[in-house]
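To keep things clear, I will list the structure first and then write my remarks on it.
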Amino acid sequence: MSETHAHWRRCSSCKEPIGFETPYWVCNVSTCNRKRTGLVFCSVSCWDAHVPLLRHRESWAEERRSPTPAQWAAEQAADREKATRRSAPKPSRGGSRPSPRTAQSAAQTSAPRPAPQRRDPLPRDVLIVASKLKSYVRARSGMNTSDRVMDALSDRVRALCDEAIRKAERAERRTLLDRDFD
């Protein structure tokens, strides 16, 4: 399938098209330049608009030039080939028998994946920021807070998280959401 575009990409801020072989700007912060994020801006003012949203402490815009249509097509083809290689099944080494992993994954396509078995015990660290809690209690009531409160609250938070994990698993999700804590 061959797609031809009149522009290279769209500005991450104003969504205006950025043409081929034209200047554009990127943020110097590495998290904005990752392949999956890939923020590009049509002007310095569009770059400037994203800075307060992402809370950059020290950043600047770097000018770049967009690729030619031929360079862009070659890059897209290379990305598709890489994705195809990643998703292609690996050949088995033992003749015509499928590998145990392949047979196992084929049998478990509809079954939910079990939780990974942990060999190390769960961490028993304090999950509460003591200074924040103590300042809240003092501002709310004028009372002091014992250090042993942090362990008790951490146990409560663990119990809440365990219940939320069960809810997410029942919903066949791998991400906890705020509604799992209701």
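The values are calculated or read from the model by the stated rules, or taken from the named source; none is laboratory data. If you're wondering where the values come from, they're calculated on a predicted model, not measured in any experiment. All Cβ positions, even for glycine, are placed from backbone atoms using ideal geometry, and neighbour counts span all protein chains on display.
Of the residues that sit in the stretch 145-177 and are of a type in the set (K, R) and more than 24 Å from A130 (Cα to Cα), which one is surrounded by the most Cβ atoms within 10 Å (Cβ to Cβ)?
First pass over the stretch 145-177, keeping only residues of a type in the set (K, R): 148, 156, 158, 166-167, 170, 173-174.
Filter once more, so that each one left must be more than 24 Å from A130 (Cα to Cα): 166-167, 170, 173-174.
On the way: R166: 11, K167: 15, R170: 10, R173: 11, R174: 8.
My answer is K167.
Can you name the helices (runs of 4 or more DSSP H) wholly within the stretch 1-116 that have at least 3 residues being surrounded by 10 or more Cβ atoms within 10 Å (Cβ to Cβ) and at pLDDT 70 or above?
Working: elements: 30-33, 44-54, 69-87, 100-107.
Output list reads 30-33, 44-54, 69-87.
List every residue pair whose Cβ atoms lie under 9 Å apart, where the two residues are 6 or more positions apart in sequence or sit on different chains, the first residue falls within the stretch 15-34 and is in contact (Cβ under 8 Å) with a residue 24 or more places away in the chain and of a type in the set (S, T, N, Q), and the second residue, located anywhere, is in a strand (DSSP E or B) and surrounded by 12 or more Cβ atoms within 10 Å (Cβ to Cβ).
Hits for this filter: N28/A61; N28/E62.
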